[in-house]
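Enquirer: For reference, the structure I am asking about is given below.
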Amino acid sequence: MFLFPYLQKQQRQALNKVPVLIEKTFPLPGRFRSSLAFDIKELSRLLTSARGERSLSYLSRPNLLSAYLRYFLPWNIYRLCRLLGGIELSLKAGDTVIDLGCGPFTMAAALWIAKPELRGLPLEFRCVDSCAPALEAGKKFFAALCSEDGGAGSWKIKTVKSGIENYSAGGQGAALVCAVNVFNEVQGKTPHFDAAGQKRKAANAARILCGLAAPGASILAVEPGIPNSGQFVSLLREELLARDFLPASPCPHEQACPMPGGFSQSGEKTRWCHFAFDTADAPKALHGLSAMARLPKERAVLSFLLAKAPGGVRGEVGARVVSDSFPLGDGLHGRYACSSWGLLLLKGEKHKTDRIPAGAFVPLNPSAKGQRDAKSGALAIRL
């Protein structure tokens, strides 16, 4: 299984209904309709280049919540659906899922769409967020989504108004602890160049996540695919490893991360782990709204980590492809990849490198030999 597979027919049909459901569930007041494109663009600015101006209660503002529900919620659901299609969560009947910083139930909705086989399982979701309007919107939206398929079935949803620092599972840990686009918001003011601050942030996040996990649990953290988040995810991986949670995806190994982000000794940015994939199968209505707001999304980008308690055994030796194809000269192209050998440069003819899907796992011959690439320092392996 490779990461970010295209959605299947049933999943596409369910996702295509999301923009319509949002319009029906949250009728847009006239005073917001004329400014919707502006509000989407302003919220995009607050979530990206102007993070320092954003308060944690930004979704309490009606116009920004409306923009979030119509634009960012469906796009985030789409990104998660593509991700969830390529990872194994191993949930079973009676399990609990804790979703920290759940917003309007983004993760629950993505699981419902991407993993229809889970709908019949009796699962309990504890959706935790400090923003009451987002929780209320989530309850309405998720009920509308499930009603399309006859109701929520065996899923039980509990909402908890709380900051993630203050939430306690009360001794009842979860089989899956999720944090989607959370730590870049609640702890996002740590500068990219503050390595010590980033490490403290990751250690605190690991403490929170592990403190809510039941024995044998999985932890899923998803962040924007920006350098700051890539550095954080790499540090979180290190902290979770120290607490006996092994990286299950995207990492094909438990060795040191070869793409830790941050800065080199010379002050240059180093490579960070992130993935980009095309959005050709996203709802047309969503692409139309993106065009209206002049925020085209031909590709989706994210950094993530799925970590699990010990128990599994890794199979064949391999590498996870983490970059686009790029020219090397002499008729060859390359893709950077992560492996237990460190950073790799996979080399081959353009038609070979181009056809490797984003996030693909490429088996390696344990006896393969290569030379170090002079520019990147990566071990160069011929495909």
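Enquirer: Does Lys161 satisfy being under 15 Å from Ala108 (Cα atoms), basic (Lys, Arg) and open to solvent by 20 Å² or more (accessible area, probe 1.4 Å)?
Expert: Considered against the rule, which asks whether it is under 15 Å from Ala108 (Cα atoms), basic (Lys, Arg) and open to solvent by 20 Å² or more (accessible area, probe 1.4 Å), Lys161 comes out as no.
Enquirer: Being within 23 Å of Ser229 (Cβ to Cβ), touching a residue at least 12 places away in the same chain (Cβ under 8 Å), of a type in the set (Gly, Ala, Ser) and buried (at least 16 other Cβ atoms within 10 Å of the Cβ) is true for just one of Ala137, Ala179. Which residue is that?
Expert: Ala179
Enquirer: So, one more: Go through Ala285, Ala291 for me and flag whichever is free of Cβ contacts under 8 Å to residues at least 24 places away in the same chain, out of contact with any Ser or Thr (no Cβ under 9 Å at 6 or more places or on another chain) and closer than 30 Å to Leu43 by Cβ.
Expert: Ala291
Enquirer: Restricting to the range 98-139, give me the number of residues that are within 11 Å of Lys158 (Cβ to Cβ) and of a type in the set (Val, Ile, Thr).
Expert: Matching residues across the range 98-139 total 2.
Enquirer: One residue is enough: does the range 161-172 have a residue meeting the conditions of a type in the set (A, V, I, L, M, F, W, C), in a loop (DSSP other than H, G, I, E, B) and in contact (Cβ under 8 Å) with a residue 60 or more places away in the chain?
Expert: Taking every residue of the range 161-172 in turn, at least one turns out to be of a type in the set (A, V, I, L, M, F, W, C), in a loop (DSSP other than H, G, I, E, B) and in contact (Cβ under 8 Å) with a residue 60 or more places away in the chain.
Enquirer: Scan the range 273-281 and tell me whether some residue there is in contact with a strand residue (DSSP E or B) (Cβ under 7 Å, 6 or more places away or on another chain), small (Gly, Ala, Ser) and within 20 Å of Leu344 (Cβ to Cβ).
Expert: yes
Enquirer: Follow-up. Looking only at helices (runs of 4 or more DSSP H) that lie completely in the range 25-118, which have at least 3 residues being touching a Leu at 6+ places or on another chain (Cβ under 8 Å) and surrounded by fewer than 22 Cβ atoms within 10 Å (Cβ to Cβ)?
Expert: Passing ranges, in order: 36-47.
The values are calculated or read from the model by the stated rules, or taken from the named source; none is laboratory data. In this text, all values refer to a predicted model and were calculated from it rather than measured experimentally. Cβ sites come from the backbone with ideal geometry, for glycine too, and all protein chains shown count toward neighbours. The area values use the complete protein model at the heavy-atom level, side chains included, leaving out ligands, DNA and RNA. Shrake-Rupley method; radii C 1.70, N 1.55, O 1.52, S 1.80 Å.
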